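Nothing in this text is a laboratory measurement; each read-out follows from the coordinates by a stated rule. Values in this document were obtained by computation on a predicted structure and should not be read as measured data. Quick reminder, even Gly has a Cβ in these numbers, built from the backbone with ideal geometry, and neighbours come from all protein chains shown.
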Amino acid sequence: MITSFKDFLNGLFANLFSKKSNVKIGLYGPPNAGKTSIANRICMDWLGEEMGKVSPIPHETREIMIKEKIKMKKGGKTLDFNLVDTPGIATKIDYEDFMRFNMNKQEAQKRAREATKGVIESIKWLDNMDCVVMVLDATKNPYSQVNITIIGNLAARNIPVLVVANKMDLRKANLKKVEASFPQYKVLGISALKGYNFDDFYDAIYKLVK
């Protein structure tokens, strides 16, 4: 009886997983952590096309971007999902920061307004996420006010989270520091630029959704 009940539960969970549709996976994190670079690699791997523009200028992504009907196939498993790339979240946006990238005052102020609006939209969209990939720059201090704010919002909503330490191809990258900062979550080191560790990344996505 116990064995048959376990089989029933296993079958039930398997069916629930296989029938999930329109799963929304959100990419969240501070500006310039590499969210769009990761989104582009995911889309290239499974759709053959990129998702958005990448730039060294902060807040290049200032609007929610969605790529629908991505079908990931790996190891005999299939996952259909919608990928949501969000504007970088910041606690302070100063137009003067953009002027350092050869923007005039008017352009910088416009970008700052758009970036502020983007932050608000990112937080609003948390309520639509089934799970979130929290993207951090592995070369920077992970225990920042912005990152703590994002993690706090995710925890409050009980959203499944995978923490990704991006830019592991750089010498200053410190995976252990990211792991120590967020021990309650699985932390995975990757490089969106080099494609490093993306097989493990996709395996982690499957487990996150399941």
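Overview of results
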quantity	calculated
Angle in degrees between helix 2-19 and the longest Cα principal axis of the chain, rounded to the nearest 10	40
Candidate values (1) 17.5; (2) 18.1; (3) 20.5, label of the one derived for Kirkwood radius over Cα pairs in Å	(2)
For the stretch 151-210 and the stretch 67-143, distance of Cα centres in Å	16
Local net charge near ASN141, Cβ-Cβ under 15 Å (Lys/Arg +1, Asp/Glu -1)	+3
Neighbour-count ranking [beta-carbon atoms within 10 angstrom, fewest first] of THR78, THR36	THR78, THR36
Net charge over other residues, Cβ less than 14 angstrom from the Cβ of LYS105 (K, R count +1; D, E count -1)	0
Stretch gain in nm, segment LYS207-LYS105, where the contour uses 0.36 nm per residue and the Cα spacing is subtracted	32.1 nm
Label zone at GLU68 (point 7 Å along Cα-to-Cβ), backbone N below 17 Å, the stretch 80-117	80-85
Degrees separating the helix 145-156 axis from the principal Cα axis of the chain, which is the longest one	30
Exposure proxy ranking, count of Cβ atoms within 10 Å, fewest first, for PHE198, PHE101, PHE81	PHE101, PHE198, PHE81
With Cα atoms, 0 to 90° folded angle of helix 198-209 axis to the chain main axis	70
Helix-only mean residue ellipticity at 222 nm for the chain, each DSSP H run of n ≥ 4 adding -39500 (n - 2.57), per residue, nearest 500	-13000 deg cm²/dmol
